[in-house]
């Protein structure tokens, strides 16, 4: 029986798929996110969300109704579905920030943007907005904290869902001969200098990470 470590809590469906395929599953939360209070003076024509966490923060704020009047672009199908479930209108979505950046560059460079972000984020979108001289502002609406812990069990594969989780994992652990399954290319990039045993999900969703595990060990 293979043992898989997930660096975040999995949903019931994902766990059942692994259990049904005879995997032992260990779950540990290597990062913690929390909504924070924020101030904002100007909300521009377009709003950018790159995760569900930033949407959750807006839902708890007093600007929720204002955001519903704005055009929204976002990263990730899960973020898009969550926004639509909460009755926001999503104009564009892409799997990665770099792809969303290309859409903005091609179609919306004459508009202004407000980027609701976390305290730990990549520079992909900010760099592109600056390079194209697009008017934008940023508001940090949630915080990510690392929660490192030592893993003592013998594990065959590790599931990583963010660069922050990769960073947190390596504070107390190392990769020996384990295979690492990553939700996307950004997470895989954070692992590149640690191991070559990396598999990337064909689409950046938890479901596709699980599919990649099942395919690899078939």
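Inspect all residues belonging to the stretch 201-211 and state whether any of them is in the same structural domain as residue 19 (by TED's automatic domain parsing) and more than 20 Å from the chain's Cα centre (by Cα).
Looking for residues that are in the same structural domain as residue 19 (by TED's automatic domain parsing) and more than 20 Å from the chain's Cα centre (by Cα), one finds none in the stretch 201-211, hence no.
Residue by residue through the stretch 76-121, note down the ones that are part of a strand (DSSP E or B) and closer than 19 Å to residue 35 by Cα. First the steps, then the outcome.
To start, the set of residues in the stretch 76-121 that are part of a strand (DSSP E or B) comprises 90-94, 113-118.
Those that are part of a strand (DSSP E or B) and closer than 19 Å to residue 35 by Cα: 114, 115, 116, 117, 118.
Can you name the residue in the stretch 11-56 that is touching a residue at least 24 places away in the same chain (Cβ under 8 Å) and closer than 20 Å to residue 154 by Cβ and is also nearest to the chain's Cα centre (by Cα) among such residues?
Among them, the one singled out is 30.
Of the residues 171, 175, only one is in a loop (DSSP other than H, G, I, E, B), in contact with a strand residue (DSSP E or B) (Cβ under 9 Å, 6 or more places away or on another chain) and at negative phi; which?
The unique qualifying residue is 175.
What helices (runs of 4 or more DSSP H) completely inside the stretch 3-67 contain at least 1 residues that are not assigned by TED's automatic domain parsing to the domain that holds residue 210?
On the way: elements: 12-20, 52-59, 64-67.
Helices (runs of 4 or more DSSP H) meeting the threshold: 52-59, 64-67.
In contact (Cβ under 8 Å) with a residue 24 or more places away in the chain, within 23 Å of residue 11 (Cβ to Cβ) and surrounded by 15 or more Cβ atoms within 10 Å (Cβ to Cβ), is that true of residue 183?
Values: in contact (Cβ under 8 Å) with a residue 24 or more places away in the chain: yes; within 23 Å of residue 11 (Cβ to Cβ): yes; surrounded by 15 or more Cβ atoms within 10 Å (Cβ to Cβ): yes.
Yes; evaluated as a whole, the condition is true for this residue.
Within 29 Å of residue 72 (Cβ to Cβ) and buried (at least 17 other Cβ atoms within 10 Å of the Cβ) - does that describe any residue in the stretch 10-25?
Yes, some residue in the stretch 10-25 is within 29 Å of residue 72 (Cβ to Cβ) and buried (at least 17 other Cβ atoms within 10 Å of the Cβ).
The values are calculated or read from the model by the stated rules, or taken from the named source; none is laboratory data. Owing to the predicted nature of the structure, the values given are computational and were not obtained by experimental measurement. Reconstructed Cβ throughout: ideal geometry from the backbone, glycine too, with neighbour counts over all protein chains shown.
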